[in-house]
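Here's the structure, in structure tokens; my notes come after.
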Amino acid sequence: MDSQINIGILRLRGLAALLVVVGHAFHPDALNPAQYLFNPVFLVISSATVIFVLIAGMLFRVRTFPKLSEGRTSTREILRRRWAELSGLYLTLGLFLALVVGYKEGLREGLNPALHAAKLFFNGTMAHSYWYVPFFLLLMALAPAHLWFCNQRPGVQRSLVVSGLILSALVHRPDADATLGAVHSLVYYLPVFWIGLILGRDIPALLAWLRHKELFLGGALVAVIAGQVAIGQDRVYLTYIGERWGMVDLFVVQKLIFGLLFLSVFHRTQYMAMPLMDWISENSLKIFFMHCPILILIMWFPHVSGFYVPEIVAVTCITILGGLMLLGSLERVFTQFKPILQRHVIKLS
């Protein structure tokens, strides 16, 4: 482990993965009304992908920036490595889901099934979370811009980040199903990644600054959530560019505060035994991608308890465990192929 990447950051990534799954557990038709019933708690759960992007920026600054600035790696090599990590999953299960979902939706909506499947595959919208792959590759393709940003004066960096956050709040979280959904995602999440670059410059100093600020950050989080409730932002609305122009999306700000709050909490409790959280953290990216196909299979999940919580917990557990079991099965299948194909075995770390 990198000397600056401590257990607090890893546990924060695990919490983000868990929140993504819990947020998606509301998606079965019978459970969807719980999004409104559980507000503002649902607002705390929603849009946890922002935390993933924040951590990605921090890791880029710690691991990739030194190599890039010293000429020991290149944008092409960064893209090759990231694609090698994600291609096995995307070209197997992702392609399968794109074909199945594209065919089903194409027939239902009167679209060409083949073209619709190709669009789903291109955008990564064949299942929840897969949109992150084309977006993340596009983000990594901007490595020269990230290098330039890191070399700017703090005042320039702050100006760019503030401008980016304002633009992000105006364009809203993208509907990745749009033709240019990955570009919209880049506009929305780029300031978050750049904040990660700033914070990753000196993580020990960041953790020292966060110490004893939990009460302040908690108050700020409550204030932002109250603001969301006041303006009617009662859930994550996926939009096309300009669709909600004039309204403000506060999820990026909310999740940035949330991330800093729990980074501080996890750092202060780093010596406390948290076996379940550590297990989720170790498997965070696997959970992030692999819960999606299981969720597709249980969209029929019923609401029988009267207050939704048991069903939400059940769907969360089923999708996490089922996704990891599916991944294990895929890995066993692929290892039976010839060695030349074994390099495509899914490797998520």
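Mind checking which helices (runs of 4 or more DSSP H) fall wholly inside segment 1-55 and carry at least 3 residues that are modelled with pLDDT of 95 or more?
By residue number, 7-24.
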Residues of segment 310-346 that turn out to be at pLDDT 50 or above and of a type in the set (Lys, Arg), as a count: 2
Test: residue in segment 167-184 that is under 17 Å from Phe289 (Cβ atoms) and surrounded by 18 or more Cβ atoms within 10 Å (Cβ to Cβ): yes
Some residue of segment 86-97 being in a helix (DSSP H, G or I) and over 19 Å from Ser129 (Cβ atoms): no
Some residue of segment 71-84 being buried (at least 20 other Cβ atoms within 10 Å of the Cβ), assigned to a helix (DSSP H, G or I) and among the hydrophobic types (A, V, I, L, M, F, W, C): no
Candidate set from segment 57-109 (those that are of a type in the set (Ser, Thr, Tyr) and either in contact with a strand residue (DSSP E or B) (Cβ under 9 Å, 6 or more places away or on another chain) or under 14 Å from Pro293 (Cα atoms) (or both)); member that is modelled with the highest pLDDT: Tyr90
Lone qualifier among Ala169, Ala176 - being over 15 Å from Leu250 (Cα atoms) and either part of a helix (DSSP H, G or I) or in contact with a Ser or Thr (Cβ under 6 Å, 6 or more places away or on another chain) (or both): Ala176
Residue pairs meeting the criteria (Cβ under 7 Å; at least 6 apart or on separate chains; first on the phi > 0 side of the Ramachandran plot, in segment 163-190; second crowded, with 21+ Cβ neighbours inside 10 Å): His172/Asp249
Selection within segment 172-199 - touching a His at 6+ places or on another chain (Cβ under 7 Å) and modelled with pLDDT under 90: Pro174, Ala178
Sole residue being free of Cβ contacts under 8 Å to residues at least 40 places away in the same chain and in contact with a helix residue (DSSP H, G or I) (Cβ under 9 Å, 6 or more places away or on another chain), chosen from Arg61, Arg82, Arg72, Arg76: Arg72
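One line per residue, one yes/no per condition, for (1) among the small types (Gly, Ala, Ser); (2) in contact with an Asp or Glu (Cβ under 9 Å, 6 or more places away or on another chain); (3) surrounded by 15 or more Cβ atoms within 10 Å (Cβ to Cβ):
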position: His212; (1), (2), (3): no, no, no
position: Gln228; (1), (2), (3): no, yes, yes
position: Val253; (1), (2), (3): no, no, yes
position: Leu260; (1), (2), (3): no, no, yes
position: Leu263; (1), (2), (3): no, no, yes
position: Phe266; (1), (2), (3): no, no, yes
position: Ala273; (1), (2), (3): yes, no, no
position: Ile280; (1), (2), (3): no, no, yes
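The values are calculated or read from the model by the stated rules, or taken from the named source; none is laboratory data. What you see is a predicted model; the values in this text were computed from it and never measured. Note: ideal-geometry Cβ built from the backbone for every residue, glycine included; neighbour counts use all protein chains shown.
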